[in-house]
Amino acid sequence: DAGITQSPRHKVTETGTPVTLRCHQTENHRYMYWYRQDPGHGLRLIHYSYGVKDTDKGEVSDGYSVSRSKTEDFLLTLESATSSQTSVYFCAISESQGPNEQFFGPGTRLTVL
Amino acid sequence: EDQVTQSPEALRLQEGESSSLNCSYTVSGLRGLFWYRQDPGKGPEFLFTLYSAGEEKEKERLKATLTKKESFLHITAPKPEDSATYLCAVQERSGGYQKVTFGTGTKLQVIP
């Protein structure tokens, strides 16, 4: 998985609780991304980062925030989890913005009850 | 509005039976088209990047081609280990960010 880890790999939580997912890379790539994958939808971008402390919104950013204090770590926070945020979350990295392939982590399966 | 459409949604092949997967796209200013393979419970694995119409890339039993409106992933004499979901993605310039849009994938099953 190109030196990308995600934690936790599985999580079950209750509606209204905050949740933080972590992505860690050892490739020193500048760009990092958070996607969600749901049946019937392609991978959809939540947020991305183009450098330390530099982040921007993707197409489905409502209810999510991110932070990047170090090159290797990109955190995704669900401020108050809802059942609609039950999904599989993938982190990805790329050397440049493009056109450039992205390399994906193993994913985190999140269930919000 | 779907910008990337993959077909078929699912495909079942006998081992050795060659076929093609389709990815049609409608974007302005294509920067690149990507193919990924995704196994159950895992993240997508990068296969190919195509940049311009007429370009072709090959890897083992897989060959990707690109026209101005679509891309094909040709699978020659597939084996059971080729069973996976194949994702297509296109990258276009959208403001300051080069947007990547993924299709929903084709689930391929190769029967021994």
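Okay, here's what the table says:
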quantity	calculated
Residue tally, condition modelled with pLDDT of 95 or more and more than 14 Å from chain A (Cβ to nearest Cβ), over the stretch B:4-40	13
Cβ pairs under 6 Å, 6+ apart, first in the stretch B:75-90 and among the small types (Gly, Ala, Ser), second surrounded by fewer than 18 Cβ atoms within 10 Å (Cβ to Cβ) and in a strand (DSSP E or B)	B:SER83/B:GLN109
Selection status of B:GLU70, of a type in the set (D, E, K, R) and at pLDDT below 95	no
Scan of the stretch B:47-58 for residues that are more than 11 Å from chain A (Cβ to nearest Cβ) and in a strand (DSSP E or B), ordered by number	B:GLU56, B:LYS57, B:GLU58
The stretch A:56-65, subset part of a strand (DSSP E or B) and modelled with pLDDT of 95 or more, residue surrounded by the fewest Cβ atoms within 10 Å (Cβ to Cβ)	A:SER65
Residues satisfying the stated conditions in the stretch A:85-113, i.e. facing another protein chain (nearest Cβ under 10 Å) and hydrophobic (A, V, I, L, M, F, W, C)	A:VAL88, A:PHE90, A:CYS91, A:ALA92, A:PHE103, A:PHE104
Options B:THR85, B:THR104: the member that is facing chain A (nearest Cβ under 9 Å), of a type in the set (Val, Ile, Thr) and closer than 22 Å to A:GLN37 by Cα	B:THR104
Residue under evaluation A:ARG36, criteria (1) within 12 Å of another protein chain (Cβ to nearest Cβ); (2) surrounded by fewer than 20 Cβ atoms within 10 Å (Cβ to Cβ); (3) among the basic types (Lys, Arg), criterion not met	(2)
Condition check for B:PRO44: within 14 Å of chain A (Cβ to nearest Cβ), within 30 Å of A:SER7 (Cα to Cα) and either buried (at least 20 other Cβ atoms within 10 Å of the Cβ) or among the aliphatic types (A, V, I, L, M) (or both)	yes
Residue list for the stretch A:8-23, restricted to those being within 14 Å of chain B (Cβ to nearest Cβ) and touching a Cys at 6+ places or on another chain (Cβ under 9 Å)	A:LEU21, A:CYS23
Flag for A:ARG30 being modelled with pLDDT under 95, surrounded by 13 or more Cβ atoms within 10 Å (Cβ to Cβ) and more than 26 Å from A:LEU113 (Cβ to Cβ)	yes
Candidates A:THR86, A:THR17, A:THR77, A:THR13 - the one that is in contact (Cβ under 8 Å) with a residue 12 or more places away in the chain and out of contact with any strand residue (DSSP E or B) (no Cβ under 6 Å at 6 or more places or on another chain)	A:THR17
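The values are calculated or read from the model by the stated rules, or taken from the named source; none is laboratory data. For clarity, every value in this text was computed on a predicted model and none was experimentally measured. Counting neighbours? That spans all protein chains shown, and the Cβs are built from the backbone with ideal geometry, glycine included.
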